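Q: Take this structure first; my questions come after.
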Amino acid sequence: MGAIHLDEKNFEAEVVKSTLPVLVDFWAEWCGPCKVIGPVIDQLAVELEGKMKMGKVNVDEAPQLAGLYNVMSIPTLLIFKGGLPVDQMVGAMPKDKLLAKLNPHL
């Protein structure tokens, strides 16, 4: 299935009200590191289905969401639990390193 495309319309339903932890990738089309980590997040969305949701926010299409969560550089990955951000990572990273950061939240 891959990551969910998030915007102002579905963010609350998919992230804030989610019963599962959610990884949200704030990215942009023109961002090189974002293009590197994007496919990794899609893979993890499949591998962690039922344990954690993955979502992507295009900061050019949803600048209000980026501002709300103080996203200053991209890619910024936020982990939400119970509707609140509980962890943050900035920059692209290999799949094993990202998975190591996600495991405590599963």
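Q: Could you work out Rg/(2.2 N^0.38 Å) for the chain, with Rg from alpha carbons only?
A: For the chain, the normalised Cα radius of gyration is 0.94.
Q: Quick one: if you take sqrt(5λ) for each eigenvalue of the C-alpha gyration tensor of the range 36-80, what semi-axes come out, biggest first, whole angstrom?
A: Square roots of five times the eigenvalues give 21, 12, 9 Å.
Q: Placing +1 at every Lys and Arg Cβ and -1 at every Asp and Glu Cβ, with all other atoms neutral, what dipole size does the chain have around its Cα centre, in debye to the nearest 20?
A: 340
Q: When only C-alpha pairs under 8 Å and at least 6 residues apart count, what is the relative contact order of the chain, in percent?
A: Worked out over the chain, it gives 37 percent.
Q: Could you work out [θ]222 nm for the chain from helices alone, using -39500 (n - 2.57) per DSSP H run of at least four and dividing by all its residues? Round to the nearest 500 deg cm²/dmol.
A: Calculated at 222 nm, the ellipticity per residue is -8500 deg cm²/dmol.
Q: Quantify, in whole percent, the carbon and sulfur part of the accessible surface of the chain (1.4 Å probe; protein heavy atoms only).
A: Roughly 57 percent, rounded to a whole number.
Q: For the chain: lysine pairs with Cα atoms under 22 Å, gap of 8 or more or different chains, count?
A: 28
The values are calculated or read from the model by the stated rules, or taken from the named source; none is laboratory data. Quantities reported herein were computed from a predicted structural model and do not represent experimental measurements. With ideal geometry, Cβ positions are generated from the backbone for all residues, glycine too; neighbour counts draw on all protein chains shown. Just the protein is used for accessible areas: all its heavy atoms, side chains included, with ligands, DNA and RNA removed. Shrake-Rupley method; radii C 1.70, N 1.55, O 1.52, S 1.80 Å.
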